[in-house]
Number of protein chains: 2
Amino acid sequence: MAKQAKFDRQAVINLATNLYWHKGFHATSMRNLQEEVDMRPGSIYAAFGSKEGLFKEALKNYTDMAKNQINQCKQMYNSPIEALSTFIKALVLDTRENAPNGMCMLAKTISELTPEHQELIDITKSHLNEIASEFVKLIQEAQNLGQISQDKSAEDLANYIQVQITGLRTFAKITNDKSKLETMIDDIFTHYPF
Amino acid sequence: MAKQAKFDRQAVINLATNLYWHKGFHATSMRNLQEEVDMRPGSIYAAFGSKEGLFKEALKNYTDMAKNQINQCKQMYNSPIEALSTFIKALVLDTRENAPNGMCMLAKTISELTPEHQELIDITKSHLNEIASEFVKLIQEAQNLGQISQDKSAEDLANYIQVQITGLRTFAKITNDKSKLETMIDDIFTHYPF
DNA sequence: ATAATATTTGAGCAATCGTTCAAAAGTAAA
DNA sequence: TTTACTTTTGAACGATTGCTCAAATATTAT
């Protein structure tokens, strides 16, 4: 009958992540969050310290989700390239409809924040690097399988992939042509450095 | 001695554009703007109606500046491709140090705003399309000069350019390696569809 | 000069911001 | 039960938000 003894921390972080992802750091008020996660201010502050503290948890949670998605794609396909392109298609085509926001939450945060919140920027950058590392691993596997030339730097290619994803997810917000987007994603792998 | 009879509208819009560009729509308060443009609230509201009204002027102003920059590059080079790559290098390499924000103000706005401000989103989208049109013109000129195959759709290539710019400007925020960035920009024109 | 018009001023409004903390409610140990 | 401890509650704080408007000040017309 009564409320739970202790709130489900992960469930709360999930809800907070989605709201922050949807509205961004500044446009999300603590009152918005209180309603979303159904907790009173005192409880939130006891658990997370501040608006920034909860945001940090959300950033970490978002990154974990992204890394899990990558590994899921890895397991679904033998070909690392196929895994990568499936992951990108999911991001660019599906995420913008089903997720809180079509943009990558990390890119959105980098874009939004000023040096006034340097710590949050640094955390966000390091999360982006974590994700890039996953791409590096995928690309190295593809190189070992002979799908990509060994001459290319796996790090450079990972950066290239990240640039494409960021650019395409922004472009996806101004276009409705899904098949055009799909073509552009396929082009990443048929044309350029691969 | 006393203040001017009437404020310099364009100068005020320029200052407001820079502040909005730097901090984004939500994080910029009317009091921030009042200090930046040195006007009292009543004057600002008499001239621009609202925070959104002034933001609209800033978006338009930013777009005009961008279009002027493109045309400047056009006049500096005979080769449209060279003009384009110079423009992109200026955006990605210089803007992030000298401008209020390394990001494109329009992309930043698209990334920040939710459907709660649909009108601002629509305006921003249409400005992005205006800029894309400038790219289309440049590419068509390059096609007429035989620098790019006529088979390719100029619109598709313009979209591709826009994706690269958005992706690279975001990537530029997480990297300090300018020469790497320059290489990536050159690669746009040496590799893919050109 | 005087009157009429245009423009700027800034105190102040209601609403919301992030945050605090004493009190209430719930749980666990004795 | 009673005691000790943990967790939740929500009213309330000072600061800040976007914005208004009567009063003050410039400018222009006569």
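The values are calculated or read from the model by the stated rules, or taken from the named source; none is laboratory data. These numbers were taken from a predicted model, which means no experiment stands behind them. In this analysis, Cβ positions are derived from the backbone assuming ideal geometry, glycine residues included, and neighbour counts consider all displayed protein chains. Accessible surface is based on the protein model in full, side chains and every heavy atom, while ligands, DNA and RNA are left aside. Shrake-Rupley method; radii C 1.70, N 1.55, O 1.52, S 1.80 Å.
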Of the residues in the range B:95-110 that are among the small types (Gly, Ala, Ser) and either open to solvent by 20 Å² or more (accessible area, probe 1.4 Å) or within 18 Å of residue B:130 (Cα to Cα) (or both), the one that is farthest from the other protein chains (Cβ to nearest Cβ) is B:99
Of (1) within 14 Å of DNA strand D (Cβ to nearest atom); (2) modelled with pLDDT under 95, residue B:51 fails just (2)
Residue B:137: passes all of (1) among the charged types (D, E, K, R); (2) at the interface with chain A (Cβ under 10 Å from one of its Cβ atoms); (3) open to solvent by 20 Å² or more (accessible area, probe 1.4 Å) but (2)
Report whether or not residue A:70 is of a type in the set (Val, Ile, Thr) and more than 16 Å from DNA strand D (Cβ to nearest atom). yes
Looking across the range B:2-20 at residues that are at pLDDT 95 or above and of a type in the set (S, T, N, Q), the single one that is nearest to DNA strand C (Cβ to nearest atom) is B:10
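Take the residues in the range A:21-47 that are more than 23 Å from residue A:6 (Cα to Cα) and among the hydroxyl-bearing types (Ser, Thr, Tyr); name whichever of them is farthest from DNA strand D (Cβ to nearest atom).
Among them, the one singled out is A:28.
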Requested in this report: Could you check, for the range A:48-60, whether at least one of its residues is over 20 Å from the mean Cα position of the chain (by Cα) and more than 11 Å from DNA strand C (Cβ to nearest atom)?
Outcome: no
(1) under 21 Å from residue A:58 (Cβ atoms); (2) more than 13 Å from chain B (Cβ to nearest Cβ); (3) in contact with a Pro (Cβ under 8 Å, 6 or more places away or on another chain) all hold for residue A:119 apart from (3)
Residue pairs qualifying under the 7 Å Cβ cut-off, at least six apart or on distinct chains, with the first in the range A:17-36 being within 10 Å of another protein chain (Cβ to nearest Cβ) and more than 21 Å from residue B:110 (Cβ to Cβ) and the second being open to solvent by less than 20 Å² (accessible area, probe 1.4 Å) and part of a loop (DSSP other than H, G, I, E, B), are none
Every listed condition ((1) surrounded by fewer than 16 Cβ atoms within 10 Å (Cβ to Cβ); (2) away from chain A (no Cβ under 13 Å)) holds for residue B:176 save (2)
Of (1) more than 12 Å from chain B (Cβ to nearest Cβ); (2) farther than 21 Å from residue B:190 by Cβ; (3) over 17 Å from the mean Cα position of the chain (by Cα), residue A:148 satisfies every one except (2)
